[in-house]
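Peer 1: Below are the structure tokens for one structure; questions will follow.
Rule-based calculations on the coordinates, nothing more; no lab input. Since the structure is predicted, the reported quantities are computational estimates derived from the model, not experimental observations. Please note: Cβ atoms are built from the backbone with ideal geometry, for glycine as well, and neighbour counts cover all protein chains shown.
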Amino acid sequence: MALTGLDIFKLLPKTNCKKCGMPTCLAFAMQLAQKRAKLDACPFVSDEAKQTLDAAAAPPMRLIKFGQGEHQVQVGQETVLFRHEEKFHNPAAVAAVVSDSLTGDALLARIKAVNGLQFERVGLHLGVNAVALKNDSGDPKLFRDAASALKQHSKLAVILYSDSADAIQGALEELTGACPLIASATQSTIEAMAGLAKTHKCPLAVKADSLEALAELTEKAAALGAEDLVLSLDGLSVKERLYTWTKARALALKKGCRALGYPTLSLVDQGDDTRQLADAASLLCKYGNIVAVDSVEPAVYLALLTVVTNIYTDPQKPIQVEAKLYEIGEPDETSPVLFTTNFSLTYYTVESDVEASRIPAYILVVDTEGTSVLTAYSGDKLNEECVKAAIDKFEVESKVKHRKMIIPGYVAVMSGKLEEATGWEVLVGPRESSMLPKYLQEVWSK
Ligand code: SF4
């Protein structure tokens, strides 16, 4: 847990020698507590005090990385229980299961299907983050062969799911340099699995059926030299896992329980696609950091990745697009001009509806600090002055010879002042963007 300025002061030499640049040790302690100073500015801190202060400064939840290069997955290092308290830092990872009971063409087809789980959504690229290779066959050789196929045909980060240290060892030898996540060590395999994690420099998941047993396992693994750990639960229902993960996160963040300060791994492989989607989405909400799903149905992953995007967006920073004049198709001087705000969901919705009309057009995006049309208007971030400023800044008058602006139906009330400020004729468009194709074809084209 974070130490207060007074806690830190008790660990300092209290000589007020000023060598740290502060007038007193207490002043230095206060600066340290606010993270405005570095401990090494004081040359007289004892090794013991250093250890205590370093441990207190460590984040309550460890950052875990697996995979390589641009496909590396990073989870953990969260500092708050609820997003609105600050923000969540590292988005949860969604993995797709590949079973080693598949061989030959069936295995390659499954790997290819997992690689293809990539989507464009409102200007964002979303894709499955990892492959969870399951040792369903129980055969170390088949597991190793499947790991070799993964190495050849996928760049995604890998989770190696097996209770057998022999099977994990074979797969690790095939995946040299790929830094997979090993899942999972139990009470009976902790020595062997921790040894493999240490030798191959990979993170390790530990698995038990209660928080007490998990805490015992993480302490054991850390003592064996495997410190990059992930928590996994065995044999519990989704409801019990939700309850347990919530308790684990609260204990780590609020009570400073280091033994539970690790990201979580959940396997969802029961029921049909709809059941798995519901279970996985619930776990991503509280507090699944890595969720592996036994499906390759694109609709399942699009929904799950959308859930992750929504949960891990910084609530203080709406997703924005650049404010500028966008060209849809190949507009000319007779093409319609519409305006909207720079909230990305708003912009991409308008953009796709204008595209659907098949009428080339300009969309003037006004900077409203990433807020939607009605929110911006009610907060006075969208008014006739900023629209006029955007028309001038992006030289809209040099692009079209007409002076007609289609505005969102929800801000029809702006019409009069906007006409006065710009000299443009205002056409009130539909309230719902989905009506734009019809509006452009039936109203504008006349
Ligand atoms: S250098 Fe260390 S001992 Fe000297 S005033 Fe600063 S904190 Fe105190």
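Peer 1: Over what distance in Å are the Cα centres of the range 227-265 and the range 379-446 separated?
Peer 2: That distance is 52 Å.
Peer 1: About the Cα centre, and with charges only on the beta carbon of Lys, Arg (+1) and Asp, Glu (-1), how big is the dipole of the range 116-271? Nearest 20 debye, please.
Peer 2: Charge dipole of the range 116-271: 620 debye, to the nearest 20.
Peer 1: For Val238 paired with Leu374, estimate the spin-label separation in nm (one decimal), with each label point 7 Å from Cα along the Cα-to-Cβ line.
Peer 2: Going by the 7 Å Cα→Cβ label model, 3.1 nm.
Peer 1: Hey, another quick one. Alpha carbons only, please: Rg and Dmax for the range 197-271, in angstrom.
Peer 2: 12.4, 38
Peer 1: With N denoting the number of residues in the range 63-312, provide Rg(C-alpha) divided by 2.2 N^0.38 Å, to two decimal places.
Peer 2: 0.94
Peer 1: With both bridge residues required to lie in the range 63-312, what share of the DSSP beta bridges run antiparallel, to the nearest 5%?
Peer 2: In the range 63-312, approximately 20 percent of DSSP beta bridges are antiparallel ones.
Peer 1: Find, among the GluC sites (Glu not before Pro) in the range 44-138, those assigned to loop by DSSP (not H, G, I, E, B) with at most 16 other beta-carbon atoms within 10 angstrom.
Peer 2: When the GluC sites (Glu not before Pro) of the range 44-138 are filtered for loop state and at most 16 Cβ neighbours within 10 Å, Glu86 remain.
Peer 1: Would you kindly state how much longer the chain becomes between Lys286 and Val80 on full extension, computed as 0.36 nm times their sequence separation minus their alpha carbon distance, in nm to one decimal?
Peer 2: 72.9 nm
Peer 1: Over 30 Å between C-alpha atoms is what I'm after, so list which of Lys255/Lys381; Lys65/Lys207; Lys201/Lys317 land there.
Peer 2: Correct reply: Lys255/Lys381; Lys201/Lys317.
Peer 1: OK, next. Go ahead and run the numbers for FRET between His125 and Lys201, Cβ-Cβ distance against an R0 of 25 Å, rounding to 0.05.
Peer 2: Computed FRET efficiency for His125 and Lys201: 0.30.
Peer 1: May I pose another question? Give me Rg over Rh for the chain, both radii from the alpha carbons and Rh done the Kirkwood way, two decimal places.
Peer 2: With Rg and the Kirkwood Rh in hand, the quotient comes to 1.09.
Peer 1: Identify the residues of the range 27-67 with backbone N under 17 Å of a label point that sits 7 angstrom from the Cα of Leu6 along the Cα-to-Cβ direction, or state none.
Peer 2: Answer for this model: 27-34.
Peer 1: Step through the residues of the range 61-66 one at a time and calculate ³J(HN,Hα) from phi using the Karplus curve (6.51 cos²θ - 1.76 cosθ + 1.60, θ = phi - 60°), rounding each to whole Hz and writing x for Gly and Pro.
Peer 2: Ordered by residue, 3J(HN,Hα) equals 9, 6, 7, 10, 10, 8 Hz.
Peer 1: Pull up all non-local amide H partners of Ala292: gap of 5 or more, or a different chain, and H-to-H distance under 5 Å with H placed in the peptide plane.
Peer 2: Correct list: Ala95, Ser266, Leu267, Val268.
Peer 1: Let me ask something else. Sum up the charges of everything whose Cβ sits under 9 Å from the Cβ of Ser99, counting Lys and Arg as +1 and Asp and Glu as -1, but leave Ser99 out.
Peer 2: That works out to -1.
Peer 1: Let me check I have the definition right: for the range 5-57, take the eigenvalues of the Cα gyration tensor, multiply each by 5, take square roots. What are those semi-axes in whole Å, largest first?
Peer 2: Sorted largest first and rounded, they come to 15, 12, 10 Å.
Peer 1: Here's a follow-up. With the Cα gyration tensor of the range 60-115 in hand, convert its eigenvalues to equivalent ellipsoid semi-axes via √(5λ) and list them largest first in whole Å.
Peer 2: After scaling each eigenvalue by five and taking roots: 33, 12, 10 Å.
Peer 1: Using a Gaussian network model of the chain whose springs link C-alpha atoms within less than 10 Å, name the residue from Val94, Val268, Val387 with the highest mean-square fluctuation.
Peer 2: Val387
Peer 1: While we're on this one: Please work out how much length the chain gains when fully extended from Lys38 to Asn16, using 0.36 nm per residue of separation minus the C-alpha to C-alpha distance, in nm with one decimal.
Peer 2: Contour length minus the Cα-Cα distance gives 6.3 nm.
Peer 1: Still on this structure: Rounded to a whole number, what is D in µm²/s for the range 1-151 from Stokes-Einstein with the Kirkwood radius over alpha-carbon pairs (4 °C, 1.567 mPa s)?
Peer 2: Answer, rounded: 65 µm²/s.
Peer 1: Can you pull out the trypsin sites (Lys or Arg not before Pro) in the range 43-100 whose DSSP state is coil and whose Cβ has at most 11 other Cβ atoms within 10 Å?
Peer 2: Those that pass, being in a loop and sparsely packed, number zero.
Peer 1: When the helix-only estimate is applied to the chain (DSSP H runs of n ≥ 4, each -39,500 (n - 2.57), divided by the residue count), what is the mean residue ellipticity at 222 nm, nearest 500 deg cm²/dmol?
Peer 2: -12000 deg cm²/dmol
Peer 1: Run down the lysines and flag those whose C-alpha is under 19 Å from the C-alpha of Lys254, throwing out any fewer than 8 positions away in its chain.
Peer 2: Once the sequence-local lysines are set aside, what remains near Lys254 is Lys87, Lys286.
Peer 1: I'd like the antiparallel share, as a percent to the nearest 5, of DSSP beta bridges with both residues in the range 325-444.
Peer 2: Of those bridges, close to 25 percent are antiparallel.
Peer 1: Report the antiparallel proportion of the DSSP beta bridges in the range 1-149 as a percent, rounded to a multiple of 5.
Peer 2: Taking every DSSP beta bridge with both residues in the range 1-149, the antiparallel ones total about 60 percent.
Peer 1: What's the longest piece of the chain with no exposed chymotrypsin sites (Phe, Trp or Tyr not before Pro), counting a site as exposed if DSSP puts it in a loop and it has at most 13 other beta carbons within 10 Å?
Peer 2: By the stated rule (loop sites, at most 13 other Cβ atoms within 10 Å), 83-446.
Peer 1: Continuing with the same structure: If we count other beta carbons within 10 Å of each Cβ, what is the order of Thr4, Thr346, fewest first?
Peer 2: Thr4, Thr346
Peer 1: Give me the one-decimal nm value for the distance between modelled label points at Val413 and Asp269, 7 Å along each residue's Cα-to-Cβ direction.
Peer 2: 5.7
Peer 1: Lysines within cross-link reach of Lys19: Cα-Cα under 30 Å, excluding same-chain residues under 8 positions apart?
Peer 2: Lys19 reaches Lys10, Lys35, Lys38, Lys50.
Peer 1: Now for a different question. For Met22, Met405, what's the fewest-to-most ordering of other Cβ within 10 Å of each Cβ?
Peer 2: Met22, Met405
Peer 1: What is the Cα convex hull volume of the range 202-348 when expressed per residue in Å³?
Peer 2: So the per-residue hull volume is 170 Å³.
Peer 1: Which is farthest toward the positive dipole end of the range 59-160 among Val75, Ala149, Ala95, measuring Cα position about the Cα centre, with Cβ charges +1 (Lys, Arg) and -1 (Asp, Glu)?
Peer 2: Value: Ala149.
Peer 1: Given labels modelled 7 Å from the Cα in the Cβ direction, how far is it in nm from Thr309 to Glu219?
Peer 2: With each label point 7 Å from Cα toward Cβ, the separation is 4.4 nm.
Peer 1: With r defined as the distance between the Cβ atoms of Glu330 and Glu420 and R0 fixed at 35 Å, what FRET efficiency is calculated, to the nearest 0.05?
Peer 2: E between Glu330 and Glu420, to the nearest 0.05, is 0.60.
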